1. Please work out which one of (1) in contact with a Gly (Cβ under 6 Å, 6 or more places away or on another chain); (2) surrounded by fewer than 20 Cβ atoms within 10 Å (Cβ to Cβ) is the condition V97 fails and give its number.
2. Give the residues of the range 74-114 that are in a helix (DSSP H, G or I), of a type in the set (G, A, S) and more than 24 Å from the chain's Cα centre (by Cα), sorted by residue number.
3. Taking the range 147-176, which residues are closer than 18 Å to Q394 by Cα, out of contact with any strand residue (DSSP E or B) (no Cβ under 8 Å at 6 or more places or on another chain) and outside any loop (DSSP other than H, G, I, E, B)?
4. What residue, among those in the range 76-94 that are farther than 15 Å from D289 by Cβ and of a type in the set (G, A, S), is surrounded by the most Cβ atoms within 10 Å (Cβ to Cβ)?
5. With (1) open to solvent by 10 Å² or more (accessible area, probe 1.4 Å); (2) under 17 Å from P357 (Cβ atoms); (3) part of a helix (DSSP H, G or I) as the list, and L385 as the residue in question, which single condition is left unmet?
6. Would you tally the residues in the range 111-134 being in contact with a Ser or Thr (Cβ under 6 Å, 6 or more places away or on another chain) and open to solvent by less than 10 Å² (accessible area, probe 1.4 Å)?
7. Is it the case that some residue within the range 288-295 is open to solvent by less than 10 Å² (accessible area, probe 1.4 Å), under 28 Å from Q54 (Cα atoms) and aliphatic (A, V, I, L, M)?
8. Being over 15 Å from I155 (Cβ atoms) and either hydrophobic (A, V, I, L, M, F, W, C) or crowded, with 24+ Cβ neighbours inside 10 Å (or both) is the filter here; which residues of the range 193-208 pass it?
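The values are calculated or read from the model by the stated rules, or taken from the named source; none is laboratory data. Please read these numbers as outputs of a predicted model, since none were measured by experiment. With ideal geometry, Cβ positions are generated from the backbone for all residues, glycine too; neighbour counts draw on all protein chains shown. Please note that ligands, DNA and RNA were not included when accessible areas were found on the heavy atoms of the full protein model with its side chains. Shrake-Rupley method; radii C 1.70, N 1.55, O 1.52, S 1.80 Å.
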Amino acid sequence: MPDPVSPRFSQRSLWAKDQAISFLMQQAVENRDVISLAAGLVDEASLPVAECRQSLDRLFSDEGRARSALQYGTTAGADGLREQLRIHLARQEHCSVDELGVDATRFVLTTGSQQMLALVADALFDPGDICLVAAPTYFVFLGVLNGVGAKAIAIDTDEHGMKADALETELARLNAAGELPRVKLIYLVSYYENPSGVSLHARRRREVVDIARRWSHYQRLFVLEDAAYRELRYDGEDLPSVWSCDETRDTVILAQTFSKSFSPGVRVGYGVLPSELVGPVCDLKGNEDFGSANMNQHLLTAVLSSGRYVSHVDQVRAAYRAKRDAMLQALDREFAGVSGVTWLRPNGGLYVWFSVPEQIETGFASRMFQLAAKTHRVMYVPGELCYPTASPRQRKNQMRLSFGVQNESGIAEGIKRLAAAVRERMGEL
């Protein structure tokens, strides 16, 4: 028999390999005695068991509705949920449903907001096209961009998010270099950013939309607002969405999810799309699933229409506020007197952005990561993952710490272990 030949995989499969998220999940499974401050998972105690049970009982008490829920759905999603989402979004925007300026056809339901991010990338990018992102940004979306062959370019940020002047300067540079025709998208995590916990300043939200419009010389330059953490606000200003700054509704793509505020297992997210994008996104989605889980969408419709969702989110916020405070108190306590160590104090979300002295690298292959994970049994997300590879703005001395999955005692112990690892590493220098 002839020797077996190797399979030849697509270029896109090669671009998508070696995702950091897969490594982190594997480490969590294989090292169960490690306290994970890495996992962006939600608090199991906050999951809505009673709300789901009651809503399912209500749904299945009507045989016709139950059969409809158990049947295939449509690519764009259940009509009832899309109408409920108009009400939900109007509540967030502090306006009437009519004042939103969009009907239900502009809402596309997805398997979590991650699918919406991937579909938008598929719809917009050819290999070599450019996406402008914050420095740092959501590292899983950087993987999505790699998977379609797009180039991510990082824009400077500060404690108020992406700098509008830096965004303008980069677009001017790209234009002068003849690369502006390749620029398709500006990506922002607008509320309590994963990883930094920073929210984009209210003034900058409108500035980013205005910049996108002014630099749409060759094609529409879209803004993708990832608002996954919008409902997890613990204190601070209730900021308007970037989407609300786009009065014509033709520039900003709004992506939201119920994974953080309700349940990741239900896996319902959605996008509010400019009209030109609805068709391309649904065409691509039809090739993938011709309709995300219909049963889950009917369940969430029942939850939203019952009024139980709002009270549940209030409980979730209270639980996470306590855990955020527990992490900040532990950092204050365990790192008191340790020079060169800083962290940001978020007003919401699930993450604290932590920096050590610049000479200490925190990546997977670093001595710091090995000390933390193997010796002191605590895990974090290396900050370098949150920058485009080889970006001049990439910093290698940062960590993303999550307070989502641990209870308050687990958070305190995890920070204690992290402090021991940092002190040991600093003592080696």
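1. Every listed condition holds for V97 apart from (1).
2. G80
3. Correct list: D158 only.
4. Filtering the range 76-94 down to residues farther than 15 Å from D289 by Cβ leaves 79-94.
This time we only want the ones that are of a type in the set (G, A, S), so: 80, 90.
Details: G80: 19, A90: 15.
Applying the filter and picking the extreme gives G80.
5. (2)
6. As a first pass, look at the range 111-134 and keep what is in contact with a Ser or Thr (Cβ under 6 Å, 6 or more places away or on another chain): 111-113, 116, 134.
Within this subset, residues satisfying the condition of being open to solvent by less than 10 Å² (accessible area, probe 1.4 Å) are 112, 116, 134.
Going through the range 111-134 one residue at a time, the tally reaches 3.
7. no
8. Filtering the range 193-208 for residues over 15 Å from I155 (Cβ atoms) gives 194-195, 197, 199, 202-203, 206.
Those that are over 15 Å from I155 (Cβ atoms) and either hydrophobic (A, V, I, L, M, F, W, C) or crowded, with 24+ Cβ neighbours inside 10 Å (or both): N194, P195, G197, S199, A202.
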